[in-house]
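Following: one structure in structure tokens, then a few remarks.
Just so it is clear, none of the values below were taken in a lab; they were calculated from the coordinates. Keep in mind it's a predicted model, so treat the numbers as computed, not measured. Glycine gets a Cβ as well: all are built from the backbone with ideal geometry, and neighbour counts include every protein chain shown.
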Amino acid sequence: MRRTHRCGDLRATHVGQRALLQGWVHRQRDHGGLIFIDLRDREGIVQVVFNPTIAPEAHATASDARAEYVLEIEGTVAPRPAGTENPELPTGAVEVVADRAQVLNPSLPLPFTVAEEGPVDEAVRLTYRYLDLRRPRMARNLVLRHRVVKFIRDFFDELGFLEVETPILAKSTPEGARDYLVPSRVRPGEFYALPQAPQQFKQLLMVGGVDRYFQIARCFRDEDLRADRQPEFTQLDLEMSFVEQDDVLGLAEDLFTRMSRALTTKNVPTPFPRLTYDEAMTLYGSDKPDLRYGMASVELSDLFGETEFEVFRGVLGSGGVIRGIRVPGGARYSRREIDELTETGKTEGARGLAWAAIEPGELRSSFARFLSEGEQRAMIERLEGREGDLLLLVAAPGWVPSKALGAIRIEVARREGLADPDTLAYARITEFPLLEWDEEGRRWDAVHHPFTSPMDEDFSLLESDPGRVRAQAYDLVCNGWELGGGSIRIHRRELQERMFGLLGFTPERAEAQFGHMLRAFQYGTPPHGGMAVGIDRVVAIFAGESSIREVMAFPKNQSAADLLMNAPSQVDERQLRDLHIGLELD
Ligand code: ASP
């Protein structure tokens, strides 16, 4: 190695040493005599001084150098003159006095400055991703991502898990999105599918006696993109034999507690709260509640059984519910602010929002005048309202009050800054429904996937009341994000057949698509279960980023395009012919 040190590693202890550094010109400042160059490599930045009287040639090279030129310099590490130290910079106590400099490669003027973190149009960043990756934020995120993956590998290795690779050229897996297809050249008219997840392979590994499997697995889903979605993404995928739900969730809790504490400085409340799907939906109107703040909604229906207030009476009479939340300190909200919250509630189907501000000696309210004093008192008591608080109530059918108040809760937390950025509030959500009714297709769909086992207690409902069957399925959530989920699987042929039947598969179609699974289940398949967790989301949360694109080296943009390589792109006529493909473009 020609380099003797890394730029970012130099400290006062190196003073007097010779240093040969190679790196990029972060900034160049010409003081009309001395020239200062901040030289950067992956480890950081160090100041290099060029003195025309000591080293005229090196000074001339430095004078011509521009941002992002690659330089090699040689010199002596010296303390910075008193008063010019930079405590902000890890190398700020020293500088390198250069006696030789060489340009290893110049750079064109840049499309954006690497040295500043200011906002740059994302399309430009993605087109020049290699420059973007030089910026400290991206460099930091890549290091963090590496640490996360390494932590996971070490953790599972210690517990006796095997990392097994599964095919990328695979068969369609039913994870709920559209497949990316790859045409076969040797079998005209046939296609591989890129795996949406290694679900079937990992179950087959359990049949194969692997016992404990994990993989840092690439998954592909052709779906509309959002901030936390990408066409290809990475999962920690795992599967275990002879386990129950709590074994898998306990392992996940242990991993995430230890990893969060090792790789971040954030607070990690433990044990992770456990909520059933029903509880989460009822209290927070969401199956991935942000538990960094309270404001769970509270059932109030029973307080208004005898009410004269017609709106409440009507809703209760038709089987609806009344729920409320307390916004601490919200009595100061203006009418306009309350109207905005009402609009938020409407996005979840609430027709209106009843509000009451607890002010000194009075209740300023949109509806309290219709209530008896006893009802007012009971409502305040149930919601634990105090002077200065705002009480918000929604009366509506089914989940609507929970969901509307859940959306309002998130909006209030955003306005008031209630979500502590230094806390990772994990939670386990369990007892998801097994099936959901698809109105369009007029059939039942698997909520998780068709290999998920129903809860033992609910077996008898499978045919009589499928919508009420709960699954042995679970999610791990954090700060309002779904990090991942999994389930205990079906491992017997008869039950898997029954499940396919419920999902509307004819036996022939079940055989054509999943015959390999049904067959495997006849050869001593152990009970098994597992889960998958989105690595991109984990790194984004650890890094405090709101988009997973910020933690992927080469992400696609919002229209699934790679702007750097310019993919997808057209291909040769000949390639298409080889694949037996003719194009019919409108
Ligand atoms: N295959 C599932 C997914 O990707 C996770 C699991 O059930 O293990 O969401």
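Some observations on this one:
- Simple rule: put +1 on each Lys or Arg Cβ and -1 on each Asp or Glu Cβ in the chain, find the dipole, and look at Val243, Val70, Ser260; the Cα lying farthest toward the positive end is Val70.
- Inter-centroid distance (Cα atoms) of segment 407-430 relative to segment 272-328, Å: 18
- Between the amide H of Phe505 and any residue lying 5 or more places away or on another chain, no distance stays under 5 Å, with hydrogens modeled in the peptide plane.
- Rounded to the nearest angstrom and listed largest first, the equivalent-ellipsoid semi-axes of the chain from its Cα gyration tensor are 51, 38, 23.
- Distance between the modelled labels on Glu439 and Thr307, one decimal in nanometres: 2.7 nm (7 Å Cα→Cβ projection).
- Kirkwood Rh in Å, taken over all unlike Cα pairs in segment 191-285: 16.3
- Taken along its three principal axes, the alpha carbon spread of segment 149-213 comes to 45, 25, 23 Å, from the longest extent down to the shortest.
- Each peptide among 428-439, 81-92, 145-156 gets the average number of other Cβ atoms lying within 10 Å of its residues, and from highest to lowest they stand as 428-439, 145-156, 81-92.
- Centroid-to-centroid separation of segment 88-130 and segment 532-548 [C-alpha atoms, Å]: 26
- Compared with the direct C-alpha span, the chain from Arg147 to Glu384 gains 80.9 nm at full extension, assuming 0.36 nm per residue.
- Low-density loop positions, chymotrypsin sites (Phe, Trp or Tyr not before Pro), segment 447-478 - DSSP coil, at most 15 other Cβ in 10 Å: Phe459
- Paramagnetic reach from Asp9 in segment 63-92 [backbone N under 18 Å; point 7 Å along Cα→Cβ]: 72-78, 90-92
- Centroid-to-centroid separation of segment 17-57 and segment 437-504 [C-alpha atoms, Å]: 63
- Cross-link table Lys150/Lys171; Lys202/Lys266; Lys288/Lys346, entries beyond 24 Å C-alpha to C-alpha: Lys150/Lys171; Lys202/Lys266
- Nearest-20 debye value, the chain charge dipole, Cβ charges on Lys, Arg, Asp, Glu: 1480
- Cα-only Debye scattering, segment 213-340: base-10 log of I(q)/I(0) at q = 0.18 Å⁻¹: -1.23
- Here the ratio of the Cα radius of gyration of segment 436-494 to 2.2 N^0.38 Å is 1.25.
- Full-extension gain in nm, Leu169 to Arg66, via 0.36 nm per residue minus C-alpha separation: 32.4 nm
- Using θ = phi - 60° and Karplus 6.51 cos²θ - 1.76 cosθ + 1.60, couplings along segment 84-101 (whole Hz; Gly, Pro as x): 10, 5, 10, x, 5, 9, x, 9, x, 7, 10, 8, 10, 8, 7, 10, 8, 8
- In segment 41-111, Rg over Rh equals 0.99, where Rg is the alpha-carbon radius of gyration and Rh the Kirkwood radius from pairwise Cα distances.
- Amide H within-cut-off set for Val48, under 5 Å, with H built and near neighbours excluded: Ile37, Asp38, Leu39, Val96
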